[in-house]
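K.L.:
Here it is, the structure in full.
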Amino acid sequence: MKDTPWYRKLWVQIVLGLALGVIYGIVAAANGWGEFTDDWISPFGDVFFNGLQLIAVPLVIASLVIGVASLSDMRKVSRIGGKTIVIYVATTALAVCIGLSYANLVRPGDYVPEALRGELATQYEEAAASRQGAAEAMMEERGPLSILQDIVPDNVISSTSSNRNMLQVVFLALMFGIALLRIPKEKGAPLLAFFEGLEAVVVEFVGIVMKVAPLGVFALIARAITGMAGDDPQQVAQLLGALGFYCIVVVAGLATQMLVVYPLVLKFLTPIRWRRFFPAAAQVQLVAFSTSSSGATLPVTMDRAQRDLGVSEEVSSFVLPLGATINMDGTALYQAVAALFIAQSLGLSVGLEGQLTIVLTAVLVSIGTAAVPGAGIIMLVIILQAIGVPAEGVALILGVDRLLDMIRTATNVTGDLTVASAVAASEGQLSDVAR
């Protein structure tokens, strides 16, 4: 059987779609095609994105129920769950520390001219007020144990009707799987067979949706470019120039997390070589980059983990849905850099106590961050309020947030794959396919 020609490989077609989307976006902005793009190009991106989101919840439910139920006893559930959470929290905390280190070293906020601060604040004042209002409403309703209240839903239908309640979906699936473990096998067999059938259907659905991935990525990138540029492509260049040091620090931090931290985890906790890991992760990263959603990328993440990295279905079905919900390394790193950047831009000093607060708050809020585009900004407002920095400062970074959101989501899903590989290796459930 011959190998698939390079030009027919899906990841090559996705890269081509991404490149053409960038080119089209620049041309569209230069020629004032923004409205045409919204009407005739963007819908294809929405179809692709909605298709991925459509299958995210049933995939999480089916895979987690099967993953937990397939474990022989509760001790195994506790062992794998404990390893997963410890590694996820550790990599997130390390990501925040990397972000703070770079922001303290470069001090990107010092490079923003005072006149530009006022211009950006005015331009994005309405959007900043909206994010601040959402964060304040969230904080008013939250107590010290709110995360426990958030995890346990009061209604099955409402908790599974939106990807924004993914933490509740994970809880439901975990409890359902644990309950299946505790009842006699003959009684649970029909339900388990149902979920196995559901998972098989969803996996096939993933294959169908991914056939339109190149077109979907093209449309999503085109919309992102025209959305930032409006009808003037120079606006993108001006924004990147004005906030250049901030963008460089965020990207450098994310690159360090992706190219240094994750390869070290792979080296010490798995037999997988980074030269094998990153080509396997490329398709997942491209989908995450274009959709800016870990949740929407989850079906692709699970498929690549099993096919290309050799992670067992038992481990991937447990670790990856959990990671799409609680593992936000890239988002937490970005929030740390953004918080210090805004403080520096406003001439405010954040001492050691404040930076420790950022570490703790960023790690905690990343656990509850919805795996959807733009959720990180609301969490950033909460961090700013925790360290006493005016939340209105988010207006300074909103212009480039979409671009950085795409990059940090790619980092998030890379972390998910890394941890899944590490847990699988520790359980002896990693095949030789990626070695």
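The values are calculated or read from the model by the stated rules, or taken from the named source; none is laboratory data. Everything numeric here is computed off the predicted structure, so don't read it as measured data. Counting neighbours? That spans all protein chains shown, and the Cβs are built from the backbone with ideal geometry, glycine included. What goes into the accessible areas is simple: the full protein's heavy atoms, side chains included, and nothing from ligands, DNA or RNA. Shrake-Rupley method; radii C 1.70, N 1.55, O 1.52, S 1.80 Å.
K.L.:
Using every Cα-Cα pair within segment 11-88, state what percent have a distance larger than 17 Å.
P.N.:
68
K.L.:
Using a 1.4 angstrom probe on heavy atoms only, work out the carbon and sulfur share of the accessible area of segment 274-330 in %.
P.N.:
Looking at segment 274-330 in its full context, I get 51 percent from C and S.
K.L.:
Under 1.5 on a/c is rounded, so check that first for segment 393-435, then, if it is not, pick prolate when a/b is larger than b/c and oblate when it is not; a ≥ b ≥ c are the square roots of the alpha carbon gyration tensor eigenvalues. Could you put the intermediate results ahead of the total?
P.N.:
Details: a/c = 8.59, a/b = 3.68, b/c = 2.33.
Verdict is prolate for segment 393-435.
K.L.:
Related question: Using per-residue counts of other Cβ atoms within 10 Å, averaged over each peptide, order 251-258, 152-159 from highest down.
P.N.:
Packing order, densest peptide first, comes out as 251-258, 152-159.
K.L.:
Whole number in Å², please: accessible area per residue of segment 376-434, 1.4 Å probe, ligands, DNA and RNA not counted.
P.N.:
For segment 376-434, the per-residue accessible area is 21 Å².
K.L.:
Which of the three applies to segment 280-366, rounded, prolate or oblate, going by the alpha-carbon gyration tensor with a ≥ b ≥ c and a/c under 1.5 meaning rounded?
P.N.:
Verdict is prolate for segment 280-366.
K.L.:
Using a 10 Å cut-off on Cβ atoms, rank the peptides 317-329, 28-40 from the highest mean neighbour count down. Could the numbers behind the result be given before it?
P.N.:
Details: 317-329: 29.0, 28-40: 15.2.
Put in order of decreasing packing, that is 317-329, 28-40.
K.L.:
Oh, and also: Tally up the carbon and sulfur contribution to the accessible surface of segment 385-435 as a whole percent, 1.4 Å probe, everything protein left in place.
P.N.:
Here carbon and sulfur together make up 51 percent of the probe-accessible area.
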